[in-house]
Amino acid sequence: MDASETAVPTGFRASMNWLHTWAGVVIGGILFAIFWMGTLSVFDREIDRWTMPMTRIDQSAVRSLDALVPVAERLVEKPEQWSIVLPTDRVPTVQLRAREKGGEDVRRHVDPASGTLLDEPGTLGGTRFFYPFHYSLHLRFFDLGEWLVGIAAMTMLIMCISGVVIHKKIFADFFTLRIVRKPQRTTLDLHNITGVFGLPFNFIIALSGLIIFFSVYMPTPQMIAYGNSKVTVSDETFGRFKRKAAGELAAQASLDTMRLEAARRWDGEQPESVRVYFPGDAKSYVEMRRPSERGVADRVDAIYFDGPTGAILKTTSTRPVANVQRFIAGMHLIQFRHWTLRWLYFVCGLAGCTLIGTGFLFWVQSRRKRHTKLGLRGVSVVEGLSVGATTGIIIATFGFLIANRLLPLEMAGRSALEVWAFYLIWIGAFAHAWLRARYAWIEQCGAIAIGSLLAVVLNATTTGHTIIHSVLRSQWGVAGMDMVLLAGCAIAALSAMRLRGRMTQGTVRAVPQPALETNHA
Amino acid sequence: MRDVVLLVVLFIAAYAGFLALALSQKQHWLRILPDAAGEASPPSGQFRVAGGIFLALSFALALMRDGAAFGSILCGVSLTIAGGAAVVTLTANPFWLRSLALAFAQRRGGD
């Protein structure tokens, strides 16, 4: 970078251009990681089925909740609470979680047909690695990850708006995609198209993501309204019930009877989850949550039962203002049951990744020639960052899946090793990008093609579940994942071949920067 | 079956709407029909009205299929996909699009 690039220009459009460019370069890497993991999280439960072969069972309903009580209570010695999430079409198992006082959660899957515990999955899978990565980057220290994600989301909003401002011929170029010998033209057109057509989706996704974590980013109103009060915001807005344990033993009333009562009050809808607080205590209580998958809003409607007697203590439903927040959150979290929307979100997520990736590419392509001539290193630094942040994280993702299939199930610390594999491969991808700058894009596209194919092959060889087998057994999540992996393999292989062809022909040239930036602005 | 039909039709409507809007622009009209370069500009008004009607139809079908809440979201994301598909079609410039545009131009010339 030289002084002329870093100086803040005058004029509204020029300053928006500067803002858009440098916000993208600085935040783009984190933003791609968030978008990529968010796109994967659309199918986090299907990724769980793929990474946890023992959970690929046939769907069946839970006949008796009471039959699960001894299973739950054996998970930890003195559980402070335990919970059951009932099976759905995306998760055919009963998800059991138990916690001792001051201890970590123990999680296991149960076969609903037999009531038996399934083998420990030995992996964090989609719901406990990819999804938390998306919203927290797995940086828990003082909510650092959530703050970084929030900054990235805010930057995304700024870039959406500044992108519209700087796009001079936004309507004239609305449908323009030129596939020409100068890759910068194509890259810019692709960036503009994914930006313009993806604008509603990207804007709403970024904004709704910020609104989900409103209590993290804007804690002051709650502190002013509630001060040191023990009633927290979530208690009032969602109407939660709490009471302390009595310290005396008492028998547990029938959960099945409570379930019937809940279904009666909810027009026949069965609870989606059951949580027992202080099991075996005289003041134990049971929370049964109503499913919210039929609507967009991720509502928290619940009935609280007295543990020993089964009497209803409280019925709660999301309050009106909270409902607005839950609707906006629901648009982002997509916990609803709508397969068409789920796939469309996946495609829009990939388009968002393309938007960020082409933004990086354009920055590098439009400056490569000039920086090389002036002996500046900015382009090589950003190019390495671009490759590592985009193709690098994709390679690391496939590394995670491959490790999942190769590591023995009984290995201690297996899930941690998968995570290590992810991060080490990602770091390696950055190193490769800087050391093999000239061939980085080609070789990493090739690695993606090989990695995705290898993942499919390993799934078939280690579990015996080929795509055909999964389809015949109606394991649509696993079959879909294999098919998407194969599609990714094809796209990556074609990209690698095309890039190699261009390099061989020597057709990759940087367009002199001023002309192209004028067009972009 | 009803849901599948409505979904397909709303996508086609959005896709057709964007194609119509694209063809209302001179550069895309001339790209599809380079022989029309000697004539006046494309029938922008008619194409834009048609484009608007198709997009409104897509929105209406989304609401009919899934109600106000899901329907609005479905319309929003399907516009993104349909718009992308329209761009790819224009770039590929397939024979059927040229034939359609030519038929329209000839009909317009005959009026």
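None of the figures in this text is laboratory data; all of them are computed from the coordinates on show. Predicted, not measured: the structure shown is a model, and the values here were computed from it. FYI the Cβ positions are ideal-geometry reconstructions off the backbone, even for glycines, and counts take in every protein chain you see.
Nearest 500 deg cm²/dmol is fine: what mean residue ellipticity at 222 nm does chain A get from its DSSP H runs of n ≥ 4 alone, each adding -39,500 (n - 2.57), divided by its residue count? Display every interim value, and only then the final one.
Details: 21 runs with 297 residues, N = 521.
Rounded to the nearest 500, it is -18500 deg cm²/dmol.
Which lysines, on any chain, are close to A:LYS314 with Cα under 20 Å apart, when same-chain ones fewer than 8 places away are left out?
Once the sequence-local lysines are set aside, what remains near A:LYS314 is A:LYS230, A:LYS242, A:LYS244, A:LYS283.
Which of the aspartates and glutamates could be linked to A:LYS168 by a straight reach, that is with a Cα gap under 15 Å, when you skip same-chain ones fewer than 8 residues away?
Qualifying aspartates and glutamates at Cα under 15 Å: A:ASP189, A:GLU517.
Given A:ALA245, A:GLY357, A:VAL379, which one lies farthest toward the positive end of the charge dipole of region A:229-383, if we put +1 on the Cβ of every Lys and Arg and -1 on the Cβ of every Asp and Glu?
A:VAL379
For A:SER60, list long-range residues whose amide hydrogen, built 1.01 Å from N in the peptide plane, is under 5 Å from its own amide hydrogen.
Residues meeting the criterion, in which the H sits 1.01 Å from N, do not exist here.
Cα centroids of region A:111-168 and region A:430-475: how far apart, whole angstrom?
Using only Cα atoms to place each centre, the spacing works out to 22 Å.
Do you know the relative contact order of chain A, to the nearest whole percent, from alpha carbon pairs under 8 angstrom that are 6+ apart?
Numbers: 814 pairs, mean separation 89.4, N = 521.
Reported as a whole number, the value is 17 percent.
Label-point separation (nm) for A:SER254 and A:LEU374, each offset 7 Å from Cα along Cα-to-Cβ?
Simple spin-label model gives 8.0 nm for this pair.
Any lysines with Cα under 21 Å of the A:LYS369 Cα? List them, leaving off those in the same chain fewer than 8 positions away.
Correct list for A:LYS369: A:LYS182.
Expressed as cubic angstrom per residue, what is the convex hull volume of the alpha carbon set of the protein assembly as shown? Intermediate values should be presented prior to the final figure.
Numbers: hull volume 120.7 nm³, N = 632.
Convex hull of Cα atoms, per residue: 191 Å³.
Counting Lys and Arg as +1 and Asp and Glu as -1, each charge on the Cβ, what is the dipole of the protein assembly as shown about the Cα centre in debye, to the nearest 20?
Working: 63 positive and 46 negative charges, 395 e Å.
For this selection, approximately 1900 debye.
With the crude spin-label approximation of a point 7 Å out along Cα→Cβ, what separation in nm comes out for A:LEU417 versus A:LEU313?
It works out to 4.4 nm between the two label points.
For region A:194-265, which GluC sites (Glu not before Pro) pass both filters: DSSP loop (anything but H, G, I, E, B) and at most 14 other C-beta atoms within 10 Å?
On the way: sites: A:GLU236, A:GLU248, A:GLU261; in loops: A:GLU248.
Sites meeting the loop and neighbour criteria: A:GLU248.
If you place +1 on the Cβ of every Lys and Arg and -1 on the Cβ of every Asp and Glu, how big does the dipole about the Cα centre of chain B come out, in debye to the nearest 20?
Details: 8 positive and 5 negative charges, 16 e Å.
Computed about the Cα centre, the dipole is about 80 debye.
With unit charges on the beta carbon (Lys/Arg positive, Asp/Glu negative), name the residue among A:LEU341, A:GLY24, A:GLY227 whose Cα is farthest towards the positive pole of the charge dipole of chain A.
After comparing all options, I get A:GLY24.
Label region A:313-370 by shape, choosing from rounded, prolate and oblate, from the square roots a ≥ b ≥ c of the eigenvalues of the Cα gyration tensor; if a/c is under 1.5 it is rounded, and otherwise prolate applies when a/b is larger than b/c, oblate when it is not. Let's see the in-between values first.
Values: a/c = 6.26, a/b = 2.76, b/c = 2.27.
Prolate is the answer for region A:313-370, as a/c is 1.5 or above and a/b outweighs b/c.
Checking the a/c ratio against 1.5 first, then a/b against b/c, what shape does the Cα gyration tensor give for region A:79-154? Don't skip to the answer; put the middle values down first.
Values: a/c = 2.87, a/b = 1.79, b/c = 1.61.
Prolate shape, in that a/c is at least 1.5 and a/b is the bigger ratio.
From the P(r) of region A:320-431, could you give the percentage of C-alpha pairs in the tail past 18 Å? Mind dumping the intermediate values first?
On the way: 4289 of 6216 pairs.
Considering region A:320-431, 69 percent of its Cα-Cα pairs are separated by more than 18 Å.
Check which residues have an amide H placed less than 5 Å from A:ILE170's amide H, if you skip close sequence neighbours.
Amide H neighbours of A:ILE170, under 5 Å, 5+ apart: none.
Can you find, among A:VAL321, A:PRO279, A:GLY310, the residue sitting farthest towards the positive end of the charge dipole of region A:273-327, where Lys and Arg contribute +1 and Asp and Glu -1 at Cβ?
The Cα lying farthest towards the positive end belongs to A:VAL321.
Need one number: the % of Cα-Cα pairs in region A:403-503 sitting beyond the 21 Å mark. Before the final figure, lay out each step's value.
Details: 2438 of 5050 pairs.
In whole percent, the long-distance tail amounts to 48.
Can you tell me the dipole magnitude for region A:55-115 around its Cα centre, using point charges on the Cβ only (Lys, Arg +1; Asp, Glu -1), in Debye to the nearest 20?
Magnitude of the dipole: close to 80 debye.
To the nearest 0.05, how large is the calculated FRET efficiency for A:GLU293 and A:ARG502 if R₀ is 60 Å and r is the Cβ-Cβ distance?
0.80
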